[in-house]
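Here the structure is laid out as C-alpha cells; the discussion comes afterwards.
Values quoted throughout were computed directly from the atomic coordinates according to the rules given, and no laboratory measurement underlies them. Owing to the predicted nature of the structure, the values given are computational and were not obtained by experimental measurement. Here the Cβ positions follow ideal geometry from the backbone for every residue, glycine too, while neighbour counts run over all protein chains shown.
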Amino acid sequence: MGIFPEDFEINVMVLTKLWVAEGILKPACSKTLEGIGEEYFLDLLQRSLVMVQEKGSNGKIKTCRIHDLLWDLCVREAQKEKFFCVTKGSLYDIQEGTSICRVSNMTQCFLYFHAAKGTLERDDKTLSSSVVQSCSLKVLHNEDYYRLLDGMDEMVNIRYIYSNGALSIASIYKLRNLQTIVFPEYWKRDMELSPEIWKMPQLRHVKFHSIYLPRPPCSEIKEGENSIVVLENLQTLSSIRNFSWTEEVLKRIPNLQKLAIYYDYETAADWEEHCVNNLGHLNKLESLCCCIEYTLPNLVIHFTFLTSLRKLTLYGFNLHPF
C-alpha cells in the first residue's frame with residue numbers, strides 16, 4: 001500500500017483491482033478475486049492499519065487512508081527490497097536509465113506502473129518509456145494527464161490500465177491478458193470499442209465515461225462446438241451508449257454486477273428496440289444506472305427488478321406514477 005502518496009485518499013475498489021492485477025490474491029471456491037480482496041481489506045481495517053474515510057450508499061467502505069507510520073514502513077521496506085521506485089516530484093526525479101519494476105509518483109496526481117523489467121526514459125508530459133511500451137508492463141495507473149504513446153498493442157502482458165491521459169483504444173482487443181480498463185475522462189466522447197472485445201475472456205472491469213459497444217459477432221458452429229465466447233469474469237460495464245441488450249448479448253455476460261447505460265433522445269424514442277427490459281435476466285446484477293438524455297413521457301422499464309439489485313439510478317425517467 002506504500003505505492004499511494006502519503007495521506008492519499010485511497011479508493012478501496014481501485015486498491016482491490018490493483019491487488020488482482022498484481023496477482024496478490026489467490027482464487028477461492030465460490031468467491032471472486034474482488035471478494036477475496038475485500039476480505040483482505042477488512043482484515044487490515046480490523047487490525048487498525050487503515051482508517052475509513054468515506055462510505056458508499058450501500059454501507060460499504062468507499063475510500064480509506066493508511067496510517068502514517070505504516071505508510072513510512074511500507075515505503076522504507078519497499079525501497080530497501082527494491083520492490084518499487086518512489087518519486088515525490090515528477091518522473092524527472094528518477095535518474096534516466098534507472099532499471100525499475102514499479103514506479104510510484106508520490107503526488108496528488110497519482111501515477112503508478114509495474115513492469116517485470118524496463119529502463120525509464122522521459123519526454124515532457126509524455127510517458128515515453130520503454131517500460132510503458134514494453135511487453136513486460138502489467139499495471140499502469142495514471143491519474144495525471146501524461147499522454148500515452150501509440151504502441152499499446154505491444155503490451156501483451158498488460159492486465160490493468162487506468163488513464164486520465166490521452167489513450168488510443170483501437171488496439172485494446174490485442175491485449176489478451178487485459179483484466180481492467182478504466183478511462184474516466186470525458187474529453188473524447190465518441191470512442192468505439194472493437195467487436196473483438198467480445199473475445200477477451202480475461203476482462204473483469206470495463207469503465208469509460210462514454211463508449212460505444214459494438215454488437216458481438218454472430219455465433220458459429222465449428223467442429224461441433226459453438227464459437228461463442230462467454231465473458232465469465234466480466235463484472236463491470238460502464239458507460240455504454242445506445243446499445244441493444246439482446247438475449248445473445250446477455251448469454252455472454254452472465255456474471256455482470258455493475259452496469260451503466262446511456263441513451264440519447266433519438267435512440268430512446270425507439271426504446272423497445274434496445275431490449276433494455278431483458279436486463280432483468282442478469283441475476284447477479286447489483287448496480288444499474290440508466291440515463292436518458294431528455295425525459296420522455298410514459299417511458300417505463302418493464303422488467304421485474306431482481307433481488308440481487310442493491311442500487312438503482314435513473315435519469316430522464318418520468319417517475320410520477322410511482
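Tabulated values for the structure
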| quantity | calculated |
| --- | --- |
| Förster radius 25 Å - calculated FRET efficiency between Met191 and Asp153, Cβ distance, rounded to 0.05 | 0.95 |
| Distance-filtered residues of segment 20-58 - backbone nitrogen under 19 Å, label point 7 angstrom along Glu77 Cα→Cβ | 20, 22-26, 40-51 |
| Efficiency of FRET between Asn11 and Cys218 - r from beta-carbon atoms, R0 25 angstrom, step 0.05 | 0.05 |
| Inter-probe distance in nm under a simple model that places probes 7 Å from Cα toward Cβ, at Val52 and Leu69 | 2.2 nm |
| Long-range HN-HN contacts of Asn242 with modeled amide H, under 5 Å | Tyr262, Tyr263, Asp264 |
| Residues with amide H under 5 Å from that of Ser210, placed H, sequence gap 5 or more | Ser239 |
| Relative packing of peptides 23-32, 243-252, 258-267 - highest average C-beta neighbours within 10 Å first | 258-267, 243-252, 23-32 |
| Over 31 Å (Cα to Cα) - which of Lys31/Lys199; Lys17/Lys174; Lys80/Lys199 fall in this group | Lys80/Lys199 |
| Inter-site label distance for Lys26 and Asp264 at 7 Å from Cα along Cβ, in nm | 5.1 nm |
